[in-house]
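Peer 1: I am attaching a structure below and will ask some questions about it afterwards.
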Amino acid sequence: KKSDKEGNELQSKILNDIGSSDLLAANADGDRVLRGTFPVLAALLDASRPNDTSNKSEEGGGGAPSMNAVKESVHELLSIISGQLKRPLILFLDDLQWADAPSLDLLSFLLSTDAQMKNVMFICAYRSNEVGQDHPF
């Protein structure tokens, strides 16, 4: 089918771009940051370098990454993915009333970044009845 072929080509382009990114390539700082902070991304990162086994299943490494490293790594990943899409990448974030300060800081950073993120749409939801007067919302 045409749509399957297009989907496979798109997936290959995204994986190639991730694998060739200076920040997200195998064993690069961003690769380690994403693996350590978001272990669920390991499969995506592994798929971007099928011939490399040096970093598979590793989770980060020594210590927690800085918030700036997390921001830059997530920004790079979303920019790569959204940059290959013909339509917006839509991310739905629910229950933001439970989000901690670093998570809100990351979201704020992503919402305020440059044109590389122009193809990303964030839909955010929270329960107004579960936030107090001191909540950022």
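The values are calculated or read from the model by the stated rules, or taken from the named source; none is laboratory data. Small disclaimer: the values here were computed from a predicted structure and weren't measured. We place every Cβ from the backbone using ideal geometry, glycine too, and count neighbours over all the protein chains shown. Only protein heavy atoms, including side chains, enter the accessible area calculation; ligands, DNA and RNA are left aside. Shrake-Rupley method; radii C 1.70, N 1.55, O 1.52, S 1.80 Å.
Peer 1: Among residues other than Leu85 whose Cβ falls under 15 Å from its Cβ, what is the net charge (Lys/Arg +1, Asp/Glu -1)?
Peer 2: +1
Peer 1: So if I place +1 on the C-beta of Lys and Arg and -1 on the C-beta of Asp and Glu, and nothing else carries charge, what would the dipole magnitude of the chain be about its Cα centre? I want it in debye, nearest 20.
Peer 2: Approximately 620 debye in magnitude.
Peer 1: May I pose another question? If you take the square roots of the eigenvalues of the alpha-carbon gyration tensor of the chain and sort them as a ≥ b ≥ c, do you get rounded (a/c under 1.5), prolate (a/b over b/c) or oblate?
Peer 2: oblate
Peer 1: Let me ask something additional. Normalised by the residues of the chain, what does the relative contact order come to in percent, with Cα pairs under 8 Å and at least six apart?
Peer 2: 22
Peer 1: Which of Ser108, Ser79, Ser21 moves the most in a Gaussian network model of the chain with Cα springs under 10 Å?
Peer 2: Ser108
Peer 1: Find me the longest stretch of the chain that has none of the exposed trypsin sites (Lys or Arg not before Pro), where exposed means in a DSSP loop (not H, G, I, E or B) with at most 14 other Cβ atoms within 10 Å.
Peer 2: Answer - 2-55.
Peer 1: Quick check on the chain: helices-only [θ] at 222 nm, where DSSP H runs of length 4 and up contribute -39,500 (n - 2.57) each and the sum goes over total residues. Nearest 500, please.
Peer 2: -14000 deg cm²/dmol
Peer 1: Once the dipole of the chain is set up with Lys and Arg at +1 and Asp and Glu at -1 on Cβ about the Cα centre, which of Asn16, Gly132, Ser73 lies farthest towards its positive end?
Peer 2: Value computed over the given set: Asn16.
Peer 1: Here's a follow-up. Can you list the residues, at least 5 places off or on another chain, whose amide H is less than 5 Å from the amide H of Cys124, using H built in the peptide plane?
Peer 2: Long-range HN contacts for Cys124: Leu93.
Peer 1: Taking a threshold of 19 Å on the Cα-Cα distance, which of the pairs Lys5/Lys118; Lys13/Lys71; Lys1/Lys118; Lys13/Lys86 fall above it?
Peer 2: Violating the 19 Å limit, Cα to Cα: Lys5/Lys118; Lys13/Lys71; Lys1/Lys118.
Peer 1: Taking only protein heavy atoms into account and a 1.4 Å probe, give the accessible area per residue of the chain in Å².
Peer 2: Normalised by residue count, the accessible surface of the chain is 63 Å².
Peer 1: Assuming a ≥ b ≥ c are the square roots of the Cα gyration tensor eigenvalues, decide whether region 1-42 counts as rounded (a/c under 1.5), prolate (otherwise, with a/b larger than b/c) or oblate.
Peer 2: Oblate, because a/c is 1.5 or more while a/b does not exceed b/c.
Peer 1: How many percent of the accessible area of the chain is carbon or sulfur, using a 1.4 Å probe?
Peer 2: 52
Peer 1: Scattering from the C-alpha atoms of region 84-128 alone, worked out with Debye: what is log10 I(q)/I(0) at q = 0.14, 0.31 1/Å?
Peer 2: Here log10 of I(q) over I(0) equals -0.38, -1.17.
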